[in-house]
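Everything on this sheet refers to the single structure shown next.
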Amino acid sequence: MRATEPLRIDRVRNGLGLVANRAFAAGALITPLRGRVVSARSVWRWWDSDPRRAANCIRFDADRYLDPSGAWGEFANHGCRPNAAIMRERGRLVLRSLRLIRAGDEVLHDYSTLLGADDVWTMRCNCGARACRGRVRRFDRLPEPTLRRYRSRGAIPGFILRTATR
Ligand SMILES: [Zn+2]
């Protein structure tokens, strides 16, 4: 990995994670997330054959996921008080900072912003934030102030918001 990369994969609180190689101002683009766009059905199959791969998949739109195997997204960890978010911009997923990130900080996003009302997956959380919710659930179960804050920053993709109304 070249020193000019925005991120590196490093040891963090919970195994491996993404660590910033330099500072990012609030709202800055950190990196596009690369990977293979796959059907929801593929991900369901992986829950049986390769659950780790399935768990790493990131929702891409109403019925597809990004399989980030071998790319940054595979190591993007959850935090209940994240410093970044995964957003959908011009047909791709990008990692964007929500506040100042310093070189050496782990870059965390809130998995709930990518869990639609039709997603059933949940995860026990050990992120260490004082406001840790204990369990990661779909976005519409977020505490109201958190949901409002994320929405005001565009941190919840439209295709996720729409799962609550259809
Ligand atoms: Zn947490």
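Structure notes:
- Reported count of residues in the range 130-146, each being in a loop (DSSP other than H, G, I, E, B), of a type in the set (A, V, I, L, M) and either at pLDDT 95 or above or in contact with a Gly (Cβ under 7 Å, 6 or more places away or on another chain) (or both), is 1.
- Residue in the range 120-140 that is closer than 21 Å to ARG36 by Cβ, more than 10 Å from the ligand (Cβ to nearest atom) and surrounded by 16 or more Cβ atoms within 10 Å (Cβ to Cβ) present: no
- Condition met for ASP110 (closer than 21 Å to LEU161 by Cβ and modelled with pLDDT under 95): no
- Any hit, the range 57-78, residues being touching a Phe, Trp or Tyr at 6+ places or on another chain (Cβ under 6 Å) and closer than 18 Å to GLU106 by Cβ: yes
- Residues within the range 89-103 that are in contact with a Phe, Trp or Tyr (Cβ under 7 Å, 6 or more places away or on another chain) and surrounded by fewer than 20 Cβ atoms within 10 Å (Cβ to Cβ), tallied: 0
- Check on LEU114, under 14 Å from the mean Cα position of the chain (by Cα) and not acidic (Asp, Glu): yes
- Qualifying residue in the range 75-83 (condition: more than 16 Å from the ligand (Cβ to nearest atom) and crowded, with 16+ Cβ neighbours inside 10 Å): yes
The values are calculated or read from the model by the stated rules, or taken from the named source; none is laboratory data. What you see is a predicted model, and the numbers here were worked out from it, not measured in a lab. Quick reminder, even Gly has a Cβ in these numbers, built from the backbone with ideal geometry, and neighbours come from all protein chains shown.
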